[in-house]
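One structure is given below, encoded as structure tokens.
Bear in mind that the values in this text are calculations on the coordinates, not laboratory data. Note that the coordinates shown come from a computational prediction; the quantities given were computed from them, not determined experimentally. Positions of Cβ are backbone-derived with ideal geometry, glycine not excepted, and every protein chain shown enters the neighbour counts.
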Amino acid sequence: MRRVRCGSVLLFVFFLLLFPQSLFAQEADPATNPGHLTWMLTSSALVLFMTAPGLAMFYSGLVRRKNVLGVMMQCLFLMGLMSVVWALWGYSLCFGGEGKFIGNFDHVFLKGLTMGTETPGELPGGEVPDLIFMIFQGMFFIITPALICGAFAERMKFSAMALFSVLWGTFVYCPLCHMVWGEGWLYYGSEGSLLGGALDFAGGTVVHISSGVSALLAAMMIGRRLGFGSEDMRPHNLTYTVLGAAMLWVGWFGFNAGSAVAANDSAANAFVVTHLSASAGALSWALIELIFRGKPGVLGTASGAVAGLVCITPAAGFVQPMPALAMGAIAGVVCYFACGKLKATFGYDDSLDAFGVHGVGGTLGAILTGVFATQQVYPDGPNGSVQLVIAQAAAVGVTVVLSLVVSFVLLKILDITIGLRISQEGEVRGLDIAEHGEEGYIS
């Protein structure tokens, strides 16, 4: 035994002598700020954490027990699928080239990306290595189609969901991302931009409005769940939902504060206003339920927090803390009525209120950014004004039209070719068994 150990040690020493240490370690780029690098790596992990377990827990608690694994699978699978799409062509279409409407193929297969510090696209904040900027933005590409899944929960084919997510990411998300963040048609201050461009710090248009309106369209085209309005479809486990909401709240610090692309004053401001808006949203939704229902609901408080987070997302790098409180409070009230009164009036089956929270909350946040933006937070930007509100509204309009038109075409094609909806028998049995052959709960 001693001979074996001695031999192993000698072999290890020989290996170190034969292969210099320089092969194992690369010198850090002296231009790379370790603080920025650390913060962006942390933010990337936080945004990924939002999809699973955050969104997976939040959504799975809201569906019926027979569909829990189906919802979790959607979130988990999209983490893998959308990451691959992002690396192959998504990143390049978002941040390659200088076109006004979509990027090019300069960075397909991540070609040309290094650990250098030339960040493509000037966002509020400093520079970080190309690969870190790429992976941070990729986490947004993952969670955005996952948000849409909440609208057609419990009734869409898994195969249709996967194909739609890839096509939607390519033909809706990528153009919007390029126009808003890749110095395209909607980028603030870009030459030839629409009405001078709009402000979107972390994804009011790119993430929330686009996913929210696409979700509403998908829910309407697929149709209501069997038994909608007559059967008991209450959430099976609000404990999951509350835990998921808390995870989303924590992850959102990476989502918004990470969008400063540096560990700086902008990130600190975004962190603070994100928390305050979520807090105000939770309180205002609980209060409005107390007024109209007589009791503050747990689900409502969790939804209010998310509404506040959605609303502050486009404004996080442009507004001060007190306006952030106002934005969160307004979002809690407006989204409460959107998820309750609006849905009841029109009768659509947005299963988990993807439109009511993300579509409505994102639109509200984009408009209010035009009201509360200040140069005291972002000196290179504008102060709130009527002109800026008009520009923000125009960006919302472009986002809505693009999302609806392209999503309609994609959904129609998929419905004709492979079908969007699972069979009636499969829907009755539940996605867990019908689509995955597994059960999350065994009685």
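Rounded to the nearest 500, what is the 222 nm mean residue ellipticity of the chain from helices alone, with -39500 (n - 2.57) per DSSP H run of 4+ residues and division by all residues?
-18500 deg cm²/dmol
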Exercise for the section: Mind telling me which of 192, 150, 103 comes out most flexible in a GNM of the chain, alpha-carbon contacts under 10 Å? Expected result: 192
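Are there any helices in the chain, counted as whole DSSP H runs, that stretch 30 Å or more along their axis by Cα and score at least 1.0 on average by Kyte-Doolittle, and if so which? Present the calculation step by step, with values, prior to reporting the outcome.
On the way: long enough: 265-293 (41 Å, 0.94); 386-417 (46 Å, 2.07).
Qualifying helices: 386-417.
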Practice task
For the stretch 219-339, count the residues as N, evaluate 2.2 N^0.38 Å, and divide the Cα radius of gyration by that value, please.
Solution key: 1.18
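From the cross-link list 295/341; 111/157; 66/412, which pairs have alpha carbons spaced over 26 Å apart? Intermediate results must be reported in sequence, preceding the final value.
Details: 295/341 18 Å; 111/157 34 Å; 66/412 28 Å.
Going by Cα-Cα distance, 111/157; 66/412 fall outside the 26 Å limit.
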Problem - Value of relative contact order over the stretch 32-186, rounded to a whole percent, pairs C-alpha under 8 Å and six or more apart - result: 32 percent
Completion exercise
the stretch 273-374 -> Rg/Rh from Cα coords, Kirkwood Rh, value 0.98
Practice task
Send over the Kirkwood Rh of the stretch 347-443, from the inverse of the averaged 1/r over different Cα pairs, rounded to one decimal Å.
Solution key: 17.4 Å
Practice task
Would you compute the Debye intensity of the stretch 90-248 from its alpha-carbon atoms alone, equal scatterers and no solvent, and pass along log10 I(q)/I(0) at q = 0.08, 0.14, 0.16, 0.17 Å⁻¹ to two decimals?
Solution key: -0.30, -0.80, -0.97, -1.05
Exercise for the section: Treat the count of other C-beta atoms within 10 Å as a stand-in for reagent exposure and order 158, 95, 346, 101 from fewest to most. Expected result: 346, 101, 158, 95
Fill in the blank from the handout: With Cα springs under 10 Å, the Gaussian network model of the chain assigns the largest mean-square fluctuation among 401, 306, 389 to 401
Handout entry: Model label zone, residue 423; criterion: amide N under 20 Å from point 7 Å along Cα-to-beta-carbon; scope the stretch 55-74
Key = 66-67, 70
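Taking K and R as +1 and D and E as -1, what net charge do the other residues with C-beta under 14 Å from the C-beta of residue 70 add up to? Walk me through the intermediate numbers first.
On the way: positive: 64, 65, 66, 155, 157, 225, 421, 429; negative: 154, 427, 432, 435, 438, 439.
In short, +2.
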Problem - Which of 283, 368, 404 has the fewest Cβ neighbours within 10 Å, and the rest in rising order - result: 404, 283, 368
Handout entry: Neighbourhood charge, 12 Å Cβ-Cβ cut-off, centred on residue 415 and excluding it, Lys, Arg +1 and Asp, Glu -1
Key = +3
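Using a 10 Å cut-off on Cβ atoms, rank the peptides 205-216, 285-296, 247-258 from the highest mean neighbour count down. Walk me through the numbers before you get to the answer.
Numbers: 205-216: 29.6, 285-296: 16.1, 247-258: 24.8.
Per-residue Cβ counts within 10 Å, averaged per peptide and sorted highest first, yield 205-216, 247-258, 285-296.
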Handout entry: Spin-label pair residue 401/residue 111, simplified geometry with 7 Å Cα→Cβ offset, distance in nm
Key = 3.3 nm
Exercise for the section: Given the options 276, 176, 342, state which has the largest fluctuation in a GNM of the chain using a 10 Å cut-off (strictly under) for Cα springs. Expected result: 342
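Between residue 412 and residue 272, what is the FRET efficiency for a Förster distance of 56 Å, r being their Cβ-Cβ separation, to the nearest 0.05? Before the final figure, lay out each step's value.
Numbers: r = 44 Å, r/R0 = 0.79.
Plugging the Cβ-Cβ distance into 1/(1 + (r/R0)^6) gives 0.80.
Report relative contact order for the chain in percent, whole number only (criteria: Cα-Cα under 8 Å, sequence separation at least 6).
Numbers: 903 pairs, mean separation 94.5, N = 443.
In percent, rounded to a whole number, it is 21.
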Practice task
From zero up to wherever the largest Cα-Cα distance of the chain sits, split into 10 Å bins and tell me the percent of pairs in each.
Solution key: 5, 21, 31, 23, 11, 5, 3, 1, 0
